[in-house]
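The next block holds one structure in the form of structure tokens; read it before the comments.
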Amino acid sequence: MNPVVIFLIIAGVFSFIIVSMSIRIIRPFEKGLVERLGKYQRLLEPGLNMIVPFFDTVIKVDMREVVLDVPPQLVITRDNVNVEVDAIIYAQVTDPVRSRYEIANYIVAATKLAQTNLRNVFGELDLDACLTSRDEINSQLRDVLDTATDKWGVKVNRVELQRIDPPVDITEAMSRQMKAERDKRATILDAEAIRQANITKAEGTRQSQILEAEGFAEAVRKKADAEKYRQVAVAEGEAQAILSVFSAIHEGKPDERLITLKYLEMLPRLAEGQASKIFLPYEASGIVSALSAMVEGIRPADGPKKPEPASSSTGESPPTA
């Protein structure tokens, strides 16, 4: 084979190898650190980048958020209760240069730092505060870890406590306490419900009695108004009748004889009662005298006149001649 052709083939292969070693592709979630002869040279952005082969080395750093699991551990609270806790840390690299050169392994460092600060935070709180102050503990741990990891080029976004497990005897005591508290609330609610029901029932009875009394009062009032109207109407009718009779009598100009006849017509009606005695008014003697005058007027003129009888009601004897 011709030496020139062999040389060209070798040069082509070598060129291909050189070009392939000079090209580096950085993905979107990565950053590239270029080290030339052991010294940091520059930072590569995502995309196609060129380096010097055989002299430059590229170290890729993942910029995505990572989840760090803090292993369970026993911590002692301020009231000397052993509590087993674990947590989760959400961290993200913000400066790839410092995360590479300031710390050997920021994941392990952040995990150990979280364990230490868990002991410190729980040691300052009582058990009840530890169980009821998760958000405060998370915020306090995040602030401490974020401050410590800032020089590493790592930012702690969130810290979440997964479990807080007190001892078994403490858990049982808390369960009994919660059950007693629930029973107490249930008893109070039942008593309040019975009290409210009695109040509502009493209010209903009272309202019913009030309505009944108001209805009875309204009925009595209407009955009294009706009786009043009836009496007024009767009185007005009687007054009108008396006025009509009085007017008719005066318009007819009656004499004593007519009055005497009307009086005699009324006597049988007076005797229709069950009473055994009849009382005649004092004016009966005058009526009898008027009646005798009427009889004398219709008697013949030639007949002898008899003396007038004395009135039995006055008890007086007739005068002597």
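The numbers here are math on the coordinates, done by the rules we state, and not lab data. Worth saying up front: this structure is predicted, and the values here are computed from it rather than measured. Methodologically, a virtual Cβ is constructed for each residue, glycine included, from the backbone with ideal geometry; neighbour enumeration extends over all protein chains shown.
With the simple spin-label model, which puts each label point 7 Å out from Cα in the Cβ direction, the ASN2 to GLU124 separation comes to 8.4 nm. Is the shape of segment 92-251 best called rounded, prolate or oblate, per the rule: a/c under 1.5 gives rounded, else a/b larger than b/c gives prolate, else oblate, with a ≥ b ≥ c the square roots of the Cα gyration tensor eigenvalues? Cα axes put segment 92-251 in the prolate bin. Ordering ALA191, ALA202, ALA213 by Cα displacement along the dipole of segment 169-249 toward the positive end leaves ALA191 in first place; charges were set at the Cβ atoms of Lys, Arg (+1) and Asp, Glu (-1). Across all Cα pairs in segment 3-62, the calculated P(r) in 10 Å bins from zero up to the longest distance comes to 23, 40, 21, 12, 3 percent per bin. Which whole-number percent is the relative contact order of segment 1-154 (Cα, under 8 Å, 6+ apart)? Relative contact order of segment 1-154: 19 percent. Once the chain from PHE55 to VAL168 is taken as fully extended at 0.36 nm per residue, the excess over their C-alpha distance is 34.5 nm. Seen from ARG163, the other residues with C-beta closer than 10 Å to its C-beta sum to a net charge of -3, counting Lys and Arg as +1 and Asp and Glu as -1.
Dividing the Cα radius of gyration of segment 169-238 by its Kirkwood radius returns 1.70 for Rg/Rh. When the listed pairs LYS39/LYS151; LYS179/LYS201; LYS60/LYS112; LYS60/LYS151; LYS39/LYS112 are checked against a 23 Å cut-off, the alpha-carbon distance exceeds it for LYS179/LYS201; LYS60/LYS112; LYS39/LYS112. Taking Lys and Arg as +1 and Asp and Glu as -1, the other residues whose beta-carbon sits under 10 Å from that of GLY153 total +1. Quarter the surface of the alpha carbon convex hull of segment 66-166 and you get the mean projected area, 5.5 square nanometres.
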